[in-house]
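J.: Quick one: this structure, given as structure tokens, is what I'll be asking you about.
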Protein chains: 2
Amino acid sequence: MTYCVGMMLDRGLVMMSDTRTNAGVDNIATFNKMHTWEVEGDRALILMSAGNLATTQSVVSMLDERTKAHDQRNPSILEAPSMFQVARLIAETLRDVISIHEDAGPRAAAQFGATLLLGGQVAGGPPRLFMIYPEGNFIEASADNPFFQIGETKYGRPILVRAFDPQMSFEKALKLLLVSFDSTLKANLSVGLPFDFQLYETDSLRLGYRSRVQGDSPYFQQISSGWGEALKQALDSLPDFVLEK
Amino acid sequence: MTYCVGMMLDRGLVMMSDTRTNAGVDNIATFNKMHTWEVEGDRALILMSAGNLATTQSVVSMLDERTKAHDQRNPSILEAPSMFQVARLIAETLRDVISIHEDAGPRAAAQFGATLLLGGQVAGGPPRLFMIYPEGNFIEASADNPFFQIGETKYGRPILVRAFDPQMSFEKALKLLLVSFDSTLKANLSVGLPFDFQLYETDSLRLGYRSRVQGDSPYFQQISSGWGEALKQALDSLPDFVLEK
């Protein structure tokens, strides 16, 4: 499993991913699930992946290769004229990679499947955020649905639903994401530290701040232990049930 | 889907269940998923179910019938000498009901399966809480694992993990459960109001307070809207991330 969240704020995009991959609980490893491309002044693209690691690495390698070798039929994501066209190219690449394994039988799609989150901006359009399915289709974030989660989404969802605000600062959004990731971490062994994050500021047309949150980061420790305490206080602030005896 | 939680507190047991059953999103209904038996001064039993409704109703009907007609091979849960033996009887009944459908093929176990939570006390032993699997085996709650969830467990788990305290009052435990149920409700259409709950006070050997929380209950409304606000304040109480630019 995996946990990745992409958020569309008024001031830009915030993308965060965990780094654990596993093939059974006795076979775990740390892999980067966040890939970025940039042409300063023209576009910035951030891609996060959940699912079969071989599939997602293959997709990223193919996208990378096409940015170097010109191909008429499959133009590079650095040349596509809009975010929609970038999403379409990535979705087709994902579907193609999965279909290579179709000979393995009807369960291949599930076994080799992957889901992607794509965020970014291409000059001439606004920042956009897409969720790309293994079938090669995709949906876009909107004001009604301003964030997407992929992977192990359930544990960390309630706090996002309650506390998300499009006017948040990047600093507060990162705090919210760390709380959501920490809740997931506490419940599911297949999601693990460190967490990667990438910011993108609207209309900057270049990648913003990127960093990795380690488990021994004092800030993360503070959030993780502070959140338990803050939740207890939040619960205490509500009136107890009254038993009508 | 379903959501049920059984909690073992120092002062007794708290059991809560939702009431939604569905066969597709266009076919939903309200069913009681909580069944109780009582012999005052001797035992009190509370059973909650998640899974195939035909299976769980059949299990409850069979258990009920045996309390009325004596059967040497399958004694009544009102006669079993301990909570462990009660759990064993119920587990066997569950497995038998599921196995009736085994002719339907290898997927029968999944299709007709159900998971049960059993809480209660039999005179001579302490209160105990069990989770019973469709395979007919079961596990027991302990100080390390003082509560069990069945059904759609993920959304409501983080708050339980963080805020559960065995020394809680029944009133606070009900508040905590309503927050956990509300988080699940907000994320999953297959969990629905009203919620049933049943209390059992240690060594009382009779069922305690039971009631149903309706969606229009002023208390539930207060918890549901108040929790959103309290969560936001909890998040505000933690320091924002600091970007090292």
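The values are calculated or read from the model by the stated rules, or taken from the named source; none is laboratory data. As the structure is a computational prediction, the values presented were derived from the model and not from experiment. Neighbour counts run over all protein chains shown; Cβ positions are idealised from the backbone, glycine included. Side chains included, ligands, DNA and RNA excluded: accessible areas come from the protein's heavy atoms. Shrake-Rupley method; radii C 1.70, N 1.55, O 1.52, S 1.80 Å.
J.: Is there a residue being among the charged types (D, E, K, R) and open to solvent by less than 20 Å² (accessible area, probe 1.4 Å) anywhere in segment A:213-223?
T.: no
J.: Given the criteria in a loop (DSSP other than H, G, I, E, B), free of Cβ contacts under 8 Å to residues at least 40 places away in the same chain and among the acidic types (Asp, Glu), does B:Asp203 qualify?
T.: No.
J.: Quick check on A:Ala230: is it buried (at least 20 other Cβ atoms within 10 Å of the Cβ) and farther than 18 Å from A:Gly120 by Cα?
T.: Here the answer is yes, as A:Ala230 does meet what is asked.
J.: Tally up the residues in segment B:181-195 that are within 9 Å of chain A (Cβ to nearest Cβ) and either open to solvent by 10 Å² or more (accessible area, probe 1.4 Å) or small (Gly, Ala, Ser) (or both), please.
T.: 4
J.: Under the condition of being surrounded by 20 or more Cβ atoms within 10 Å (Cβ to Cβ) and outside any strand (DSSP E or B), which residue from segment B:114-136 is modelled with the lowest pLDDT?
T.: My answer is B:Pro134.
J.: Sticking with this one: Determine, yes or no, whether B:Gln198 is over 26 Å from B:Gly125 (Cβ atoms) and within 13 Å of chain A (Cβ to nearest Cβ).
T.: no
J.: Also: Among the listed residues B:Asp196, B:Asp216, identify the single one that is closer than 23 Å to B:Arg43 by Cα and not small (Gly, Ala, Ser).
T.: B:Asp196
J.: In this structure, does B:Leu178 turn out to be facing chain A (nearest Cβ under 9 Å), hydrophobic (A, V, I, L, M, F, W, C) and touching a strand residue (DSSP E or B) at 6+ places or on another chain (Cβ under 8 Å)?
T.: yes
J.: Another question about this same structure. Considering segment A:163-175 alone, what residues qualify as being part of a helix (DSSP H, G or I) and surrounded by fewer than 18 Cβ atoms within 10 Å (Cβ to Cβ)?
T.: The one that is part of a helix (DSSP H, G or I) and surrounded by fewer than 18 Cβ atoms within 10 Å (Cβ to Cβ): A:Glu171.
J.: Considering only residues that are over 22 Å from A:Lys172 (Cα atoms) and within 7 Å of another protein chain (Cβ to nearest Cβ), which ones fall in segment B:223-245?
T.: Hit for segment B:223-245 is B:Ile223, nothing else.
J.: I've got another one for you. Evaluate the following for B:Arg11: is it closer than 30 Å to B:Lys175 by Cβ and either surrounded by 13 or more Cβ atoms within 10 Å (Cβ to Cβ) or touching a helix residue (DSSP H, G or I) at 6+ places or on another chain (Cβ under 8 Å) (or both)?
T.: Spelling it out, B:Arg11 is indeed closer than 30 Å to B:Lys175 by Cβ and either surrounded by 13 or more Cβ atoms within 10 Å (Cβ to Cβ) or touching a helix residue (DSSP H, G or I) at 6+ places or on another chain (Cβ under 8 Å) (or both).
J.: Same structure again: I want to confirm something. Restricting to segment A:213-223 and keeping residues that are touching a Leu at 6+ places or on another chain (Cβ under 9 Å) and outside any loop (DSSP other than H, G, I, E, B), which single residue is nearest to A:Met48 (Cα to Cα)?
T.: Checked segment A:213-223; the qualifying residue nearest to A:Met48 (Cα to Cα) is A:Val213.
J.: Quick test for you: out of B:Thr30, B:Thr55, B:Thr2, pick the one residue that is farther than 26 Å from B:Asp165 by Cα, polar (S, T, N, Q) and open to solvent by less than 50 Å² (accessible area, probe 1.4 Å).
T.: B:Thr55
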